[in-house]
1. Can you pull out the residues in segment 130-152 that are over 27 Å from Asp287 (Cβ atoms), open to solvent by less than 80 Å² (accessible area, probe 1.4 Å) and among the small types (Gly, Ala, Ser)?
2. Considering every residue within segment 59-66, establish whether at least one is closer than 30 Å to Asp287 by Cβ, touching a residue at least 12 places away in the same chain (Cβ under 8 Å), open to solvent by less than 30 Å² (accessible area, probe 1.4 Å) and not small (Gly, Ala, Ser).
3. What pairs come out if I take residues in segment 230-244 that are crowded, with 18+ Cβ neighbours inside 10 Å and pair them with residues that are basic (Lys, Arg) whose C-beta lies under 9 Å away, six or more apart or interchain?
4. Search segment 162-183 for residues being open to solvent by 30 Å² or more (accessible area, probe 1.4 Å) and farther than 16 Å from Ala121 by Cβ, and hand back the single one that is nearest to the chain's Cα centre (by Cα).
5. Given the conditions (1) under 30 Å from Gly182 (Cα atoms); (2) of a type in the set (Ser, Thr, Tyr); (3) open to solvent by 30 Å² or more (accessible area, probe 1.4 Å); (4) outside any helix (DSSP H, G or I), which single one is not true for Tyr248?
6. Checking Gly182 against (1) closer than 23 Å to Ile306 by Cβ; (2) small (Gly, Ala, Ser); (3) in contact with a strand residue (DSSP E or B) (Cβ under 6 Å, 6 or more places away or on another chain): exactly one of these is not met. Which one?
7. Could you tell me how many of the residues in segment 71-119 are small (Gly, Ala, Ser) and open to solvent by 60 Å² or more (accessible area, probe 1.4 Å)?
8. Could you please find all residues in segment 123-172 being under 19 Å from Gln86 (Cβ atoms) and touching a Ser or Thr at 6+ places or on another chain (Cβ under 8 Å)?
Amino acid sequence: MLTKPLRRVLLAALVVLVVAVAWFVLQVDPLFAGKGKEVIITVHSGDSLSTIAGELHAQGVIASTFAFRLENLFLGSPVVSEGTYQLRQGSSFATVRAVLSHPPNVDVIEATPGLTLHEIALEVASERGVGFANQFAKDATNAVTPSPLGDGASLEGLVGAGTYLVTASTTPGELAERMVKGYVREASSVGLTATTTIEGLNAYQLTTTASIVEKEGYYPRNMPKVARVIFNRLARGGPLQMDSTVLYYFHQDGGAVTHAMLETPTPYNTYLNTGLTPTPICTVSKDALRAVLHAPKGSWLYFTVINKHGDEAFATTFAQQLKNEALAATRGIE
């Protein structure tokens, strides 16, 4: 027969066990599971289950990393792929395991400076399919998704550089709208608004200028003087003669401009036409925007790459330009 003290010990142990089991059950399957806010977590290559559990806890998806690891100790850890996942705060462990056991349910679209809208649409197609991408291309127009900085039919150049997460509920129109808002924030952060005018150019024309600077300057250290060259050529009234604009029409990024291209009468042929192109030619960076907004004073009209590090030399006269080109040739730059 159990003594009274021993019965008390066993009763206390039983109470502790019941409380522990109840606590564990509530961690595994919380009250109101699946009713929380949707959050995003990212799993990186090589992340351990402990690291993933820590991120789930930090985002409020699970309340206890210990209970999550304990359950996985009994049931086996899911094989989690690298990528981005959308889950709800306060989810059951079963739901978390189900989501993480499948491929990432959030697609990541990178709008890198220098990419054209067409290239971004191709990336969207690779992540979300052709149908989604085609609708995105239709929505990425100023008529459907207007931009306060826009002045044409296309949203080319009016997409904010950055990372965009596309979930199962994201529509093509929502993605386009977020990109437009992203550019408005990006431009505003460096001082470009709808009412900005510089060198006689409005905000849309300044974005167009920045897109050419993005392609022609390539590195931030080159961009301010490239912007000044563009302003000087516009003021002179002659053609800009920028290869990047010619290549844009042919959906080419870099490479040689052929004689046939130069003779093709397109709106983007700045050898045949004077003034700016009718639209920007790519997504722009803050560096390119700053270069346009704060271009240094100078009389430069020409520039060329002079070494394999991408440095550009600037010249006021064509004779100086020829010397710079000869210097580049001695260094293996064509």
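The values are calculated or read from the model by the stated rules, or taken from the named source; none is laboratory data. Here the structure is a predicted model, which is why all the values come from computation and not from measurement. Reconstructed Cβ throughout: ideal geometry from the backbone, glycine too, with neighbour counts over all protein chains shown. Keep in mind that these areas ignore ligands, DNA and RNA; they rest on the heavy atoms of the full protein, side chains included. Shrake-Rupley method; radii C 1.70, N 1.55, O 1.52, S 1.80 Å.
1. Correct list: Gly131, Ala133, Ala137.
2. Among the residues of segment 59-66, not one is closer than 30 Å to Asp287 by Cβ, touching a residue at least 12 places away in the same chain (Cβ under 8 Å), open to solvent by less than 30 Å² (accessible area, probe 1.4 Å) and not small (Gly, Ala, Ser), which makes the answer no.
3. Leu240/Arg233; Met242/Lys215; Met242/Arg233; Asp243/Lys215; Ser244/Lys215
4. Thr163
5. It is condition (4) that Tyr248 fails.
6. All conditions pass for Gly182, except number (1).
7. So the answer is 3.
8. Within segment 123-172, Leu165 is the sole residue that qualifies.
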